[in-house]
1. Against the condition surrounded by fewer than 21 Cβ atoms within 10 Å (Cβ to Cβ) and in a helix (DSSP H, G or I), how does residue 232 come out, does it pass?
2. Pull up region 83-99, narrow it to residues that are assigned to a loop (DSSP other than H, G, I, E, B) and exposed (fewer than 11 other Cβ atoms within 10 Å of the Cβ), then point me to the one that is nearest to the chain's Cα centre (by Cα).
3. Give all pairs with beta carbons closer than 7 Å in which a residue from region 84-113 that is more than 19 Å from residue 54 (Cβ to Cβ) meets a residue that is exposed (fewer than 11 other Cβ atoms within 10 Å of the Cβ); count only pairs at least 6 apart in sequence or on separate chains.
4. With respect to residue 118, determine if the residue is modelled with pLDDT of 95 or more and of a type in the set (A, V, I, L, M).
5. So in region 211-229, with the set limited to residues that are surrounded by 14 or more Cβ atoms within 10 Å (Cβ to Cβ) and of a type in the set (Ser, Thr, Tyr), which one is nearest to the chain's Cα centre (by Cα)?
6. Does residue 80 meet the test of being buried (at least 20 other Cβ atoms within 10 Å of the Cβ), farther than 22 Å from residue 115 by Cβ and modelled with pLDDT of 95 or more?
7. Among (1) surrounded by fewer than 20 Cβ atoms within 10 Å (Cβ to Cβ); (2) at pLDDT 95 or above, which single condition is residue 1 missing?
8. Report yes if residue 105 is over 26 Å from residue 140 (Cβ atoms) and at pLDDT 95 or above, otherwise no.
Amino acid sequence: MKNILIINDFVSLGKMAGKMMDSVLSYKEYRGFFLPTALIANNFSYGKNAVLDCTDYLDDCLKNWEDLGFKFDLISIGYIHNTKQRDIIYDYVKNLSYETTVLFDPIMGDDGSLYETIDETILDNYKSLVELADIITPNATEAKFLDIDYDTFKQNGQKYLITSVSDGDNYYVEGFDGYEFKVPFKKLPKRLTGTGDLFDGLFIIYYLEGKSVEEACKKTVEIISKIYKDVIEYSTDENINIERYLSLID
């Protein structure tokens, strides 16, 4: 059984963030260590929220699991709440005594704009974590604000999947794994929450099964497309009831 460390926020309303990823990974019998950076009442699109900072808990958990000798086959880093969390995570990964894969999905914005909660300090925190990653999975907006030197990034052997890329009427995931590639998808007329987290969870499954970044991405896009079509046809909810679709994961 593979151990996956999920560093992300816990959103009480809906199935998204770490909750979404843990559900998907658990179905395939990966052992998820879901470590919340913050407890959040709902996604930020509602305009009002309640947030509990989990920085001390984050620090205590990582130290506890290190003392217990837990090792992780993959570390997924998502929402970071403050600079202290950034420092804790950075030091933890840098000082690991074993090899692992680090996947980084910076939760910063969408549709061309940063979320209201993302200031320059938080943006800088995300930028500084890029160097830790073996694979990054930002959407097109987040990739733009990360301001990555892709020549250096590629020379370092790092890989990327940039989701929600558009050149007009065409939509695709733009990737790099020693070579550039595109995985096209059809944009559907509804926005569902937790889609990026679902993407990360599915990609981790297929990547750790031994698929290349491109093949894992293709399989992930295929499954999400099936889920989207069903949700649009049979549900008016903006949330994905992922338990209904777990049997699609093969």
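The values are calculated or read from the model by the stated rules, or taken from the named source; none is laboratory data. The structure presented is a predicted model; accordingly, all values stated were derived computationally and were not measured. Here the Cβ is made from the backbone with ideal geometry for all residues, glycine too, and neighbour counts use every protein chain on show.
1. Here the answer is yes, as residue 232 does meet what is asked.
2. 99
3. From region 84-113, no pairs qualify.
4. no
5. It comes out as 220.
6. Criteria not met by residue 80.
7. For residue 1, the failing item is (2).
8. Criteria not met by residue 105.
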